[in-house]
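> Starting off with a structure, shown below.
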Amino acid sequence: MKDKKLYIKSFGCQMNKLDAGLVTAAFEEDGYSITDTEDNADVVLFNTCSVRANAENRVHSRIGYIGHLKKTRPHMVLGIIGCMAQRLGEEFLKDTAVDIVCGPSQIPDLLGMVNDVISERKKIVSVCADVREKPDATISETLDEFEYAFDSSKDQKTNQAFVRVMRGCNNFCSYCIVPFVRGPEVSRKPQQIFDQCKKLVDEGAKQITLLGQTVNSYEYSAGEKTYRLPDLLEMLSEIDSLKWLRFITSYPNLNHDEDLFKAMGELDKVCPYLHMPAQSGSDRILKAMNRHYSAQQYLDQLAVARSYVPDIAIAGDFIVGFPGETDEDFEATVELVKKANYKNIFAFKYSPRPGTKTDKKLEDNIPEEIKKLRNNELLKVQEQISAEYNKRYEGKILEVLVEGPSKKAHLNKAQNANNPQLIARTATDHIVVFNGPESLAGNFAQVEIEKTMPLTLFGNLV
Ligand code: 5AD
Ligand code: SF4
């Protein structure tokens, strides 16, 4: 097939976006061009997420649309990759539009699968038979090599890159599907991570974000030495032209995190930003969630972080409407949010996930209406906190990494052709909006903050 077109759509987290980038680069190298609509695609890939039911439902309805397109474009190939592929496996083939089901560990073989489907018009399912089995060394090595070869995650415009430092999760929070679809924790070799980051920086990356489901559990033993996240941060700080280094997402790890906070305080390139989900403020619910800390221990942990990194901005995740969550439990969550003084939070309505312990043992007994009310209430509480929190930046000059024109830039394009509205981020991950030349995209700039809103800071280029 000449001039083959790939459409790829990602649902879910940064990890998924990273996978989509790798797959895109591998297909481009094979001669595919990327299209932004499935309507004219030869190959359609849905990179799926299983964390909540609504992410899965969206994929099912998109598959329906592809089935419709296939009536007039029968040569089209539809592949489902990512977490849902691993979770549902063969079951996906019940939907006749689906040609390939490929789990997260099988993506290095995806191009070969697509070629086989094109030449033999067959269906292929390739997922881990037992996802909790520690992957053998060859699988991990193949994934690492694929990652190294196709990591084009450095966005050409923004000069930001993402690098996975570990796969999987060992925590088994009782509501969470991730350990069942991404398998056990496997940390990548520090030298390989270093080489990859060095390569990305040589290609122009100015900011690197290290990714892991529980990134602060990173641990790699080589002979006598055990490398943990602070060691990695120290190693990577040595890369000259790298300016900002971040990592997401952290699990409140009461034993090890002090070393991490200390390293954050000492290493200039490490951004003062921490994404550390609490999930709930009720000890009873935290226990049912199999989270290994109390609300107070969590708050103490944030205090330790702040003692080493005074200007640290902290983000949290919460699940509302967990089975059996009473008004008092929810109030405890509100209290925790008030005390934590977050920069921002993400709030999710509990979504039962088949196969998880909560789903097996506890009925999803909080009505959708209540979940929605609690979700909105929590966000409203945080909105006030963020409004207050952000005032500290008024009148300050902040360094930002510019991402590019804002979505609204086109509205006043005529007046501001050389000075469009730009979007940028601070080291603390605050969004900053200001006017400036588009050529600033991918560069650092100084912005004097004039006005602040709960989610955005507005200012002027210095
Ligand atoms: N229902 C709702 N939210 C969930 N999360 C994980 N599993 C579920 C679930 N079953 C949320 C957690 C996690 C974020 C990525 O998604 O808050 O931190
Ligand atoms: Fe899921 Fe808990 Fe692992 Fe996060 S730490 S991915 S919430 S099991």
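> Just to verify a result, which residue in the range 88-109, among those that are under 12 Å from Val77 (Cα atoms) and of a type outside the set (Gly, Ala, Ser), is nearest to the chain's Cα centre (by Cα)?
Val101
> Determine which member of the set Lys349, Lys371, Lys338, Lys357 is under 24 Å from Ser307 (Cα atoms) and in contact (Cβ under 8 Å) with a residue 12 or more places away in the chain.
Exactly one of Lys349, Lys371, Lys338, Lys357 is under 24 Å from Ser307 (Cα atoms) and in contact (Cβ under 8 Å) with a residue 12 or more places away in the chain, namely Lys338.
> Failed condition for Thr333, given (1) farther than 29 Å from Gln86 by Cβ; (2) open to solvent by 40 Å² or more (accessible area, probe 1.4 Å); (3) of a type outside the set (A, V, I, L, M, F, W, C), with all others met?
The failed condition is (2).
> Then there's this: Tell me, please, whether a residue that is more than 19 Å from Ala427 (Cα to Cα), touching a residue at least 40 places away in the same chain (Cβ under 8 Å) and within 16 Å of ligand 1 (Cβ to nearest atom) can be found in the range 237-252.
yes
> All but one of (1) within 30 Å of Lys360 (Cβ to Cβ); (2) touching a residue at least 12 places away in the same chain (Cβ under 8 Å) hold for Asn255; which doesn't?
Of everything listed in (1) within 30 Å of Lys360 (Cβ to Cβ); (2) touching a residue at least 12 places away in the same chain (Cβ under 8 Å), Asn255 misses just condition (2).
> While we're looking at this one, here's another question. Restricting attention to the range 345-396, which residues are within 12 Å of ligand 1 (Cβ to nearest atom) and farther than 27 Å from Pro454 by Cβ?
Once the filter is applied, which keeps residues that are within 12 Å of ligand 1 (Cβ to nearest atom) and farther than 27 Å from Pro454 by Cβ, the range 345-396 yields Pro352, Arg353, Pro354, Gly355, Thr356, Lys357, Thr358, Asp359, Leu362, Asp364.
> Filter the range 310-322 down to residues that are open to solvent by less than 10 Å² (accessible area, probe 1.4 Å) and not in a strand (DSSP E or B) and give me whichever is nearest to ligand 2 (Cβ to nearest atom).
Phe322
> Considering (1) closer than 22 Å to Phe150 by Cα; (2) modelled with pLDDT of 95 or more; (3) in contact with a Cys (Cβ under 9 Å, 6 or more places away or on another chain), say which one Ser50 fails and leave the rest.
(1)
> Can you tell me which residue among Arg353, Arg374 is among the charged types (D, E, K, R), within 16 Å of ligand 2 (Cβ to nearest atom) and buried (at least 18 other Cβ atoms within 10 Å of the Cβ)?
Result: Arg353 is the single residue among Arg353, Arg374 that is among the charged types (D, E, K, R), within 16 Å of ligand 2 (Cβ to nearest atom) and buried (at least 18 other Cβ atoms within 10 Å of the Cβ).
> How many of the residues making up the range 279-309 are part of a loop (DSSP other than H, G, I, E, B) and open to solvent by 50 Å² or more (accessible area, probe 1.4 Å)?
Count: 2.
> Name the residue, out of Phe247, Phe180, that is in a strand (DSSP E or B), within 16 Å of ligand 2 (Cβ to nearest atom) and assigned by TED's automatic domain parsing to the domain that holds Ile345.
After ruling out the rest, the residue left standing is Phe247.
> Of all the residues that make up the range 111-122, how many are assigned to a loop (DSSP other than H, G, I, E, B) and either assigned by TED's automatic domain parsing to the domain that holds Phe180 or touching a residue at least 40 places away in the same chain (Cβ under 8 Å) (or both)?
Of the residues in the range 111-122, 0 are assigned to a loop (DSSP other than H, G, I, E, B) and either assigned by TED's automatic domain parsing to the domain that holds Phe180 or touching a residue at least 40 places away in the same chain (Cβ under 8 Å) (or both).
> Take the residues of the range 1-12 that are in contact with a strand residue (DSSP E or B) (Cβ under 8 Å, 6 or more places away or on another chain) and open to solvent by 50 Å² or more (accessible area, probe 1.4 Å): which is farthest from Thr48 (Cα to Cα)?
Asp3
> Then there's this: Do you know which residues across the range 13-28 are buried (at least 21 other Cβ atoms within 10 Å of the Cβ) and within 14 Å of ligand 1 (Cβ to nearest atom)?
Passing the criteria: only Met15.
> Give the range 33-54 a look and list any residue that's farther than 30 Å from Ile319 by Cβ and open to solvent by 10 Å² or more (accessible area, probe 1.4 Å), or say none.
Answer for the range 33-54, where residues must be farther than 30 Å from Ile319 by Cβ and open to solvent by 10 Å² or more (accessible area, probe 1.4 Å): Ser33, Ile34, Thr35, Asp36, Thr37, Glu38, Asp39, Asn40, Asp42.
> Separate question: Search the range 206-224 for residues being at negative phi and at pLDDT below 95, and hand back the single one that is least open to solvent (accessible area, probe 1.4 Å).
Ala222
Residue-wise test of (1) within 16 Å of ligand 1 (Cβ to nearest atom); (2) hydrophobic (A, V, I, L, M, F, W, C); (3) on the phi < 0 side of the Ramachandran plot.
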| residue | (1), (2), (3) |
| --- | --- |
| Arg121 | no, no, no |
| Arg132 | no, no, yes |
| Thr138 | no, no, yes |
| Leu143 | no, yes, yes |
| Glu147 | no, no, yes |
| Lys157 | no, no, yes |
| Ala161 | no, yes, yes |
| Tyr175 | yes, no, yes |
| Pro184 | no, no, yes |
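> Further question on the same structure: Let me confirm something: among Glu147, Glu141, Glu203, which residue is touching a residue at least 12 places away in the same chain (Cβ under 8 Å), open to solvent by 20 Å² or more (accessible area, probe 1.4 Å) and not assigned by TED's automatic domain parsing to the domain that holds Val98?
Within the list Glu147, Glu141, Glu203, the selection yields Glu203.
> For residues that are of a type outside the set (A, V, I, L, M, F, W, C) and buried (at least 19 other Cβ atoms within 10 Å of the Cβ), tally how many sit in the range 254-278.
5
> A further question on this structure: State yes or no: is Gly442 surrounded by 20 or more Cβ atoms within 10 Å (Cβ to Cβ), on the phi > 0 side of the Ramachandran plot and more than 16 Å from ligand 1 (Cβ to nearest atom)?
yes
> Being in contact with a Lys or Arg (Cβ under 6 Å, 6 or more places away or on another chain) and β-branched (Val, Ile, Thr) narrows it down to one residue among Val201, Val186, Val215; which is it?
Unique residue meeting the criteria: Val186.
The values are calculated or read from the model by the stated rules, or taken from the named source; none is laboratory data. Only a predicted model underlies this, so the values are computations on that prediction, with no experimental measurement involved. Methodologically, a virtual Cβ is constructed for each residue, glycine included, from the backbone with ideal geometry; neighbour enumeration extends over all protein chains shown. The area values use the complete protein model at the heavy-atom level, side chains included, leaving out ligands, DNA and RNA. Shrake-Rupley method; radii C 1.70, N 1.55, O 1.52, S 1.80 Å.
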